[in-house]
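Student: Provided herewith is a single structure, encoded as C-alpha cells, for subsequent inquiry.
What follows draws every value from the coordinates through simple rules; no lab data is involved. Just so it is clear, the model here is predicted, and its values are computed rather than measured. Cβ placement follows ideal geometry from the backbone for every residue including glycine, while neighbour counts extend to all protein chains displayed.
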Amino acid sequence: MFSFPKNPVFAPVLFIYLFIIFYKSCACSRLHLNKKTTEKVPYSKLAGVSLLKPLKGVDPNLINNLETFFELDYPKYEILLCVQDHDDPAIDVCKKLLGKYPNVDARLFIGGKKVGINPKINNLMPAYEGARYELVWICDSGIRVKPDTLTDMANQMTEKVGLVHGLPYVADRQGFAATLEQVYFGTSHPRSYISANVTGIKCVTGMSCLMRKDILDQAGGLIAFAQYIAEDYFMAKAIADRGWKFSMATQVAMQNSGSYSIAQFQSRMIRWAKLRINMLPATIIEPISECFVASLLIGWAAHHVFRWDIMVFFLCHCLAWFISDYIQLRGVQGGPPSFSKLDYAVAWFIRESMTIQIFLSALWDPTISWRAGRYRLRCGGTAEEILDV
C-alpha cells in the first residue's frame, strides 16, 4: 500500500520552488513578451541573415506560413528552402512562392545530404553549406511570422549574445485540439521555459533560433550534431560552452500547423518526454512539479503540520494553480485568449490529467517515431535508426 513519506520538509521546499517559477514566468511574460523592441542597431546596419527552412510534406497552412517569410521587413536576408525527397509536394509550394516573389533572395535545395541519423540536419546540410550571411536562422515549417519578427530577433543579437530564440506558442485556430495545444504552450511549457532562462539556465527549443554561423562552424558545423535527435539542445550547449549568452525574442515562435489533433499532441508530448529523460536523467522527478501531484504532496504536508484537511487544501491549491496559469496564458498571448473561460477550464483539466500517462508512456518505450523514421534513444542524447528488415 502507498504511504506518504514521514518527513514533510520536502513539500514546503517544493511549494517555495513552484511559487518562484510561477512568479518569474508570469512577470517575464508581462514585462518582456509582446513588447515593441528597442532599436539597438540601426535598421540599415542589421546583420545579414540566412534563413534555413526544413520542409517535409504539405499541410493546409503551409503556403500561408511560408509566405510570411517572403514578406519580412528586413534589409538583408536570404531564404533557403530545404526539401529532402524529390517527390515531396512541398516542392510545388516552394516553386509557387519563388515565382510570386522574384525580388526576394530565395533558393530551393532538394535532396539533402546524409551526414547522420537526424533527418532535419540531413535536409538542411546543403543549404547550410551554401549560406552567405553571418547569422543563421533555423525555423520550422509550421511557424508563421510578422513582418518585424526577424528585426526583433536581430536586435536581441547584441555583442555577447550567440543565440536568440523564440518562446514556442500556438496561433489561434479552430477546434478543441487547438485549444488544448494553446493552453499547454501558454501555461505549463512557458512556466518552465521562461523561469529557466530568467534563472540563467539555457533552455531552448529549435523551432525558431537565430545563431552566429561562425560559432557553429567552430563547433564543427551542423554535421557535428547529426548524431542527435534533439539537435537544438546540443547546438545551444555548444554555443553556451564557448562563453556566449542567449537572449529570448520579445515575439513568440508562433506555431500554425494546419494538421493537429489530440492524438498528435499526445504523441508529441511523449516524444519530448522521452528526449528529456534520455538527455537529462533528473527529468525522472518531473511529475512532482505537475499540478495534481504537487498539490497532493503539499496538501499532505499542510495536514501533517497544521492539521488542515488534505482534500480541501488540494482543491484550493489546484484552484490557485488554475488561476495562475490563466494569468500566464494571457501574458504569453498578449491579451485574452480567443476561446472562452469554460474551454480553458476543460482543456486545462484534460492537459493536467494527461501528464502522468504521458510520462509513464515515455518510460515504457525508449524508441521514438519522428518524420519518416523510427529511432532508438541512447543515454546521453545519441540515437540509432531502426531500419525495417
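Student: Amide H neighbours of Ala106 under 5 Å, counting only residues 5+ apart in sequence or on other chains, H built in-plane at 1.01 Å?
Tutor: Amide H neighbours of Ala106: Ile79.
Student: Related question: From the phi of every residue in the stretch 65-71, what ³J(HN,Hα) in whole Hz does the Karplus formula 6.51 cos²θ - 1.76 cosθ + 1.60 yield, where θ is phi - 60° and glycine or proline is x?
Tutor: Computed from phi, the couplings for the stretch 65-71 are 5, 4, 4, 5, 6, 6, 10 Hz.
Student: Given Cα pairs under 8 Å that are at least 6 residues apart, what percent is the relative contact order of the stretch 1-105?
Tutor: Details: 60 pairs, mean separation 27.1, N = 105.
Normalised by residue count, the contact order of the stretch 1-105 is 26 percent.
Student: Summing +1 for each Lys or Arg and -1 for each Asp or Glu, what net charge is found among the other residues whose Cβ lies under 9 Å from the Cβ of Ile117?
Tutor: -2
Student: Taking amide H positions as placed in the peptide plane 1.01 Å from N, state which residues far from Thr382 in sequence (5 or more) or on other chains have amide H under 5 Å from it.
Tutor: Correct list: empty.
Student: Sticking with this structure for a sec: List, in order, the whole-Hz ³J(HN,Hα) value for each residue of the stretch 333-347 obtained from phi through the Karplus relation with A = 6.51, B = -1.76, C = 1.60 and θ = phi - 60°; use x for Gly and Pro.
Tutor: Each residue's phi maps through the Karplus curve to give 5, x, x, x, x, 6, 9, 6, 5, 5, 4, 4, 4, 5, 5 Hz.
Student: Across the stretch 306-320, in residue order, what do the Karplus-derived ³J(HN,Hα) couplings come to in whole Hz, using 6.51 cos²θ - 1.76 cosθ + 1.60 with θ = phi - 60° and x for Gly and Pro?
Tutor: With the stated coefficients, the stretch 306-320 comes to 10, 6, 7, 5, 4, 5, 4, 5, 4, 5, 5, 5, 4, 5, 4 Hz.
Student: How far apart, in nanometres, would the label points at Trp308 and Asn64 be if each is projected 7 angstrom from Cα along the Cα-to-Cβ direction?
Tutor: A separation of 4.6 nm, rounded to one decimal place.
Student: Go ahead and collect, in residue order, the members of the stretch 126-154 whose backbone nitrogen is under 18 Å from a label point 7 Å along the Cα-Cβ direction of Lys45.
Tutor: Flagged as within label range: 134-135, 151-154.
Student: My understanding is that a pair violates if its Cα-Cα distance is over 30 Å; which of Lys35/Lys100; Lys113/Lys237; Lys24/Lys53; Lys56/Lys245; Lys237/Lys341 do that in this structure?
Tutor: Listed pairs above 30 Å: Lys35/Lys100; Lys24/Lys53; Lys56/Lys245; Lys237/Lys341.
Student: If you average the alpha carbon positions of the stretch 93-139 and of the stretch 257-316, how far apart do those two centres end up, in angstrom?
Tutor: So the separation of the two Cα centres works out to 39 Å.
Student: Work through the residues other than Ser50 whose Cβ is under 15 Å from its Cβ and net out their charges, Lys, Arg +1 and Asp, Glu -1.
Tutor: Once all neighbours under 15 Å are counted, the net charge is 0.
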